[in-house]
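Participant: Sharing a structure below in structure tokens format, with a few things to ask.
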Amino acid sequence: MKDEKKKRFHIAKKKDIPDLTKPGVALEIRKKGKKDSDMPPKEPEIKNDTVFSWDIKASDGKKTNTEKKRKIQNKTIRKWVIVSVCAAAALTAYLTITLQTYTDVSVISQEQEAGTGRSSYARFDENILRCSRDGVVLFDTDGKELWKEDCQIQNPVVEVNKESAVVADNGGNSILIFGKKGLKGEVQTELPIERTAVSEKGITAVILKEGNTPSIQCYDAAGNLLLEYKVSAVEQGYPVDLALSPDGTTLLVSYVSIKDGNPDTELVYYDFGNKDEDRKYRVGGKTYEDTVMPSVYFVSDEKSVAVGDGGFVLYNGTKPKEKEYVKISKEIKSICYDKEYLGIILKNTDKAGYELKLFDYDGKEVISKDFEGDYSKVKIEKGQVLMYDGEKCSIYTDSGVHRFDGKMGTNIKDIFPLKGINKYLVVDANGTKTVRLTK
């Protein structure tokens, strides 16, 4: 009997028995069949197979999956917490930088330029146009000269409209028309130049002085005369300012006349491609009694503005009509404007100092800020109102933040905002300085 059992069973050696306590291990013992009795004895196979844990025990598998999901969720939460903390820190730093008022500057770099004492400057795209008696130079904000045009202009006045610029000799006879790559056209007038305007395409309009019969002339970008319009100052008034629409098709002129001892302003829009019944090319306009409007400009082809001593008027349309007249009771000291806003400096009547008001071109007031101190120059650029006189400078943003109130350390001829945090290009008699606002 014992011998029979020995034939039917095989006892595995201890060293061949796998550890069944380990996960994923299965033991298979196969019994020898009867029909193989004539064959030599064969030891049963012992398989050592790896299987997934949930094949062994379902409850352990669910636990493992839950732990993995929980780890992934915790990792995602940690990631978003880190992102939120970084974003909050960045926002706090940004607000700290942009919402405070700076009172000093540090010089980052400086470029010495000879002969800049009597120069005029203007932003031309992202570069700076400098006009002096000896010529016109375009340089970038790092001071690198891009091109230069030699000329002789005694009293240069610069007008810029996006891709075109005109430099005129105020009181003289020379007009230079520029594009981004340099000189495009030149004009020599027979009469003294009083006012100039330029369109985006380089079409130039000019008021020429000739007693009671001044002349308005228009030229193309190459300097060719397009038309001439004689004005009777006695009948119509004297042209004190003019502006061209960006496409160069519409001309706006402000005429001032004296009637019964009081000044009247007539705004006239001309489209020289069309003639009305009296053949005077008029397509719109209006007369404003007891008002002087010495400043006119176009915001776009269909939006224009006239500013006077009683406020400002907004006009709309290709055949312009008055949209809104914003009345201002305080005395207007100076104005500045760009394609986004009109800024007006008002003299306070009930207290010392001045008031800065910024308007959009729907006639809505954007900001109103009181300030002290006299500033002879004011401009608006890149959403900032810059006021300066001598070394003094004051800067307000279009959100009402008083960004700077202090001295630049030099007599300011002009100032331009630059890319970067609190960076500006300051022009003085010796050249240009790149500065950063500091406390």
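The values are calculated or read from the model by the stated rules, or taken from the named source; none is laboratory data. Just so you know, these numbers come straight off a predicted model, no measurement behind them. No Cβ is skipped: glycine too gets one built from the backbone with ideal geometry, and neighbour counts run over all protein chains shown. Note: accessible area is taken over every heavy atom of the protein model, side chains too, but ligands, DNA and RNA are not part of it. Shrake-Rupley method; radii C 1.70, N 1.55, O 1.52, S 1.80 Å.
Participant: Can you list the residues, at least 5 places off or on another chain, whose amide H is less than 5 Å from the amide H of TYR337, using H built in the peptide plane?
Facilitator: GLY343, ILE380
Participant: While we're looking at this one, here's another question. About the Cα centre of the stretch 141-212, how large is the charge dipole given +1 on each Lys and Arg Cβ and -1 on each Asp and Glu Cβ? Please answer in debye to the nearest 20.
Facilitator: Computed about the Cα centre, the dipole is about 260 debye.
Participant: Of the heavy-atom accessible surface of the stretch 180-262 (probe 1.4 angstrom), what whole percent is carbon and sulfur?
Facilitator: Ligands and nucleic acids excluded, carbon and sulfur reach 46 percent.
Participant: Given the whole protein assembly as supplied and a 1.4 Å probe, what does the accessible area of TYR219 come to in Å², nearest 10?
Facilitator: It works out to around 10 Å².
Participant: Could you pull the accessible area for GLU111 with a 1.4 Å probe, rounded to 10 Å²?
Facilitator: 80 Å²
Participant: How many percent of the accessible area of the stretch 302-439 is carbon or sulfur, using a 1.4 Å probe?
Facilitator: The value for the stretch 302-439 is 44 percent carbon and sulfur by accessible area.
Participant: Here's another thing I want to ask about it. Be a star and scan the stretch 247-272 for residues whose amide nitrogen sits under 12 Å from the point 7 Å along the Cα-to-Cβ vector of ASP301.
Facilitator: Correct set: 247-250.
Participant: Hey, another quick one. Could you pull out the pairs from LYS144/LYS201; LYS357/LYS413; LYS347/LYS439 whose alpha carbons sit more than 32 Å apart here?
Facilitator: none
Participant: Applying 1/(1 + (r/R0)^6) with R0 = 25 Å to the Cβ-Cβ distance of LYS230 and LYS286, what FRET efficiency is obtained, to the nearest 0.05?
Facilitator: So, using R0 = 25 Å, E works out to roughly 0.65.
Participant: Ordered by residue, what ³J(HN,Hα) values in Hz, to whole numbers, does the stretch 364-371 give under the Karplus form 6.51 cos²θ - 1.76 cosθ + 1.60, where θ = phi - 60° and Gly and Pro are x?
Facilitator: 8, 6, 8, 9, 9, 9, 8, 8
Participant: Shifting gears a bit: Using amide H atoms built 1.01 Å from N in the peptide plane, name the residues 5+ places from GLY311, or on other chains, whose amide H lies under 5 Å from its own.
Facilitator: Those lying under 5 Å, H to H, from GLY311 are ILE328.
Participant: Accessible area per residue for the stretch 322-380 in Å², computed with a 1.4 Å probe and the full protein assembly in place, what is it?
Facilitator: Spelled out: the 1.4 Å probe surface of the stretch 322-380, per residue, equals 54 Å².
Participant: Roughly how many Å² is the accessible area per residue of the stretch 184-286, as a whole number, for a 1.4 Å probe?
Facilitator: Spelled out: the 1.4 Å probe surface of the stretch 184-286, per residue, equals 47 Å².
Participant: Taking amide hydrogens as modeled 1.01 Å from N in the peptide plane, which residues meet the under 5 Å criterion relative to CYS151, leaving out close sequence neighbours?
Facilitator: Correct list: GLY135, VAL136.
Participant: Would you list TRP80, TRP147 from the most to the least accessible area, probe 1.4 Å?
Facilitator: TRP80, TRP147
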